[in-house]
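Asks: Below you'll find the structure I mean.
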């Protein structure tokens, strides 16, 4: 019985979304613009020259990019004999993490998310009062739209002095709370986020995110890897539930457990992307027949996309390409490896937020020597294809392309 490995490279979009203009993102193209910057010598920090992703390109990445945008790319390579490639288009109305992942798992979001206004203060008084009551403070800091790293520079020292939590949001449907792991306490931060999450979920705010950090006013502040997302539960059974209900093992790597509220998941591995890649390598060697391993690598988005760091994003792509090539060598005959993304985050684009894009769908069924395009597909077709490969039934709208 074969296995499936569904890998989400968070924010690695490839442009071409027909509804991008409605999001202010017409022309955004995460992979295309990174490749162009590298070829033009504009991404030389810690790397040099054209973007080099030979494994992903052999899986069909260049062809997927061309399909998504209708134009050629600068990415060289030779197609593998067992590769399939295409591009996926989202129907959910958000360009955020839950929308993308839920739809990839077969459940398009049936509602409009709530977004906080771009005002200061951004949050209603009764919500602020409830947070203060839960945590036992006289107020909060922030109360605005902000970059997660920049707001620590502004309020980190005051937070340590007063003990007030730092609360902020973005153009995504999120409510984020930052607090010092030692002076405020990690457990206290997590308890606060868990307690306030039901109220925000009732407002259709998709996620409450705990953002712990360490440091001092003198040395500066750094976010830690103990982030935790309290996401709304999907409104219907997802790919994870379908596989689990069939009696198979579902292993989550990275943010997947948080995104799906641990629904339909049997085991979880967390850490930074380097640690997660090691977990993925271990999963390829030990996951049982018929299992699903569902992984998210978030640092493309969190460290490089939002910070508009083209060189950093290119370095991360080249690192992931080398790691995935080594890991794929351990696949068993018949195993499915499917690599995709949940949205875009073009580091050359204006602002600091996600971009509405199609995403690449590339991969292989190990030992199957019939390279082929799957064309333009829906996000939900990814779930249908994984379920079909594993021989489990699903209730989503997607159709298998494998």
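Asks: Please count how many residues of region 138-176 are exposed (fewer than 15 other Cβ atoms within 10 Å of the Cβ) and part of a loop (DSSP other than H, G, I, E, B).
Replies: Here the count works out to 3.
Asks: Being part of a helix (DSSP H, G or I) and without any contact (Cβ under 8 Å) to a residue 60 or more places away in the chain is the filter; apply it to region 8-35 and report the residue that is farthest from the chain's Cα centre (by Cα). So that I can check it myself, show each step before the final result.
Replies: The first filter runs over region 8-35 and keeps only residues part of a helix (DSSP H, G or I), leaving 20-23, 30-35.
From what's left, without any contact (Cβ under 8 Å) to a residue 60 or more places away in the chain: 21, 32, 35.
On the way: 21: 22, 32: 19, 35: 20 Å.
The qualifying residue farthest from the chain's Cα centre (by Cα) is 21.
Asks: With within 19 Å of residue 398 (Cβ to Cβ) and either within 21 Å of the chain's Cα centre (by Cα) or modelled with pLDDT of 95 or more (or both) as the only criterion, which of 84, 5 stands out? Lay out the reasoning, then the answer.
Replies: Details: 84 fails: either within 21 Å of the chain's Cα centre (by Cα) or modelled with pLDDT of 95 or more (or both).
Criteria check complete, one pass: 5.
Each row is one residue, and each column tells you yes or no for (1) under 17 Å from residue 209 (Cβ atoms); (2) touching a residue at least 24 places away in the same chain (Cβ under 8 Å); (3) in contact with a strand residue (DSSP E or B) (Cβ under 7 Å, 6 or more places away or on another chain).
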| residue | (1), (2), (3) |
| --- | --- |
| 37 | no, yes, no |
| 55 | no, yes, no |
| 64 | no, yes, yes |
| 88 | no, yes, yes |
| 113 | yes, yes, no |
| 136 | no, no, no |
| 142 | yes, yes, yes |
| 145 | yes, yes, yes |
| 148 | yes, yes, yes |
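Asks: Does residue 16 meet the test of being surrounded by 14 or more Cβ atoms within 10 Å (Cβ to Cβ) and at positive phi?
Replies: Numbers: surrounded by 14 or more Cβ atoms within 10 Å (Cβ to Cβ): yes; at positive phi: yes.
Judged against the criteria, residue 16 is a match.
Asks: If the requirement is being under 30 Å from residue 245 (Cβ atoms), modelled with pLDDT of 95 or more and in contact with a helix residue (DSSP H, G or I) (Cβ under 7 Å, 6 or more places away or on another chain), which of these qualifies: 346, 335, 342?
Replies: Values: 346 fails: under 30 Å from residue 245 (Cβ atoms); 335 fails: in contact with a helix residue (DSSP H, G or I) (Cβ under 7 Å, 6 or more places away or on another chain).
342 is the lone residue from the list that is under 30 Å from residue 245 (Cβ atoms), modelled with pLDDT of 95 or more and in contact with a helix residue (DSSP H, G or I) (Cβ under 7 Å, 6 or more places away or on another chain).
Asks: Would you tally the residues in region 261-293 being free of Cβ contacts under 8 Å to residues at least 40 places away in the same chain and assigned to a loop (DSSP other than H, G, I, E, B)?
Replies: Of the residues in region 261-293, 6 are free of Cβ contacts under 8 Å to residues at least 40 places away in the same chain and assigned to a loop (DSSP other than H, G, I, E, B).
Asks: Just one of (1) over 20 Å from the mean Cα position of the chain (by Cα); (2) surrounded by fewer than 22 Cβ atoms within 10 Å (Cβ to Cβ) trips up residue 114, so point out which.
Replies: Only one criterion in (1) over 20 Å from the mean Cα position of the chain (by Cα); (2) surrounded by fewer than 22 Cβ atoms within 10 Å (Cβ to Cβ) is unmet by residue 114, namely (1).
Asks: Going through region 93-108 one residue at a time, which ones are at pLDDT below 95 and in a loop (DSSP other than H, G, I, E, B)?
Replies: 93, 94, 95, 96
Asks: Another one. Mind checking whether some residue in region 307-329 is more than 22 Å from residue 60 (Cβ to Cβ) and in contact with a helix residue (DSSP H, G or I) (Cβ under 7 Å, 6 or more places away or on another chain)? Spell out the reasoning first.
Replies: Within region 307-329, the subset more than 22 Å from residue 60 (Cβ to Cβ) is 307-312, 315.
Add one more test, that the residue is in contact with a helix residue (DSSP H, G or I) (Cβ under 7 Å, 6 or more places away or on another chain), and what stays is 310, 312.
Yes, some residue in region 307-329 is more than 22 Å from residue 60 (Cβ to Cβ) and in contact with a helix residue (DSSP H, G or I) (Cβ under 7 Å, 6 or more places away or on another chain).
Asks: Any chance you could count how many residues in region 207-259 are part of a loop (DSSP other than H, G, I, E, B) and either surrounded by 24 or more Cβ atoms within 10 Å (Cβ to Cβ) or touching a residue at least 60 places away in the same chain (Cβ under 8 Å) (or both)?
Replies: Final tally of qualifying residues: 11.
Asks: Continuing with this model, one more query. Taking the stated definitions as given, is residue 274 surrounded by fewer than 17 Cβ atoms within 10 Å (Cβ to Cβ) and closer than 30 Å to residue 351 by Cβ? Walk me through it before giving the result.
Replies: Details: surrounded by fewer than 17 Cβ atoms within 10 Å (Cβ to Cβ): yes; closer than 30 Å to residue 351 by Cβ: yes.
In short, yes.
Asks: Quickly run through region 147-160 and pick out the residues that are modelled with pLDDT of 95 or more and in contact with a helix residue (DSSP H, G or I) (Cβ under 9 Å, 6 or more places away or on another chain). Outline the logic, then answer.
Replies: If we filter region 147-160 for residues that are modelled with pLDDT of 95 or more, which is where we start, we get 151-160.
The answer is 152, 159, 160.
Asks: Sticking with this structure for a sec: Filter the strands (runs of 3 or more DSSP E) completely within region 309-402 down to those with at least 1 residues that are under 15 Å from the mean Cα position of the chain (by Cα) and touching a residue at least 40 places away in the same chain (Cβ under 8 Å). It would help to see each step written out before you state the result.
Replies: Details: elements: 336-340, 359-365, 372-378.
In region 309-402, the matching strands (runs of 3 or more DSSP E) lie at 336-340, 359-365.
The values are calculated or read from the model by the stated rules, or taken from the named source; none is laboratory data. Since we're looking at a predicted model, the values are computed, not measured. Cβ sites come from the backbone with ideal geometry, for glycine too, and all protein chains shown count toward neighbours.
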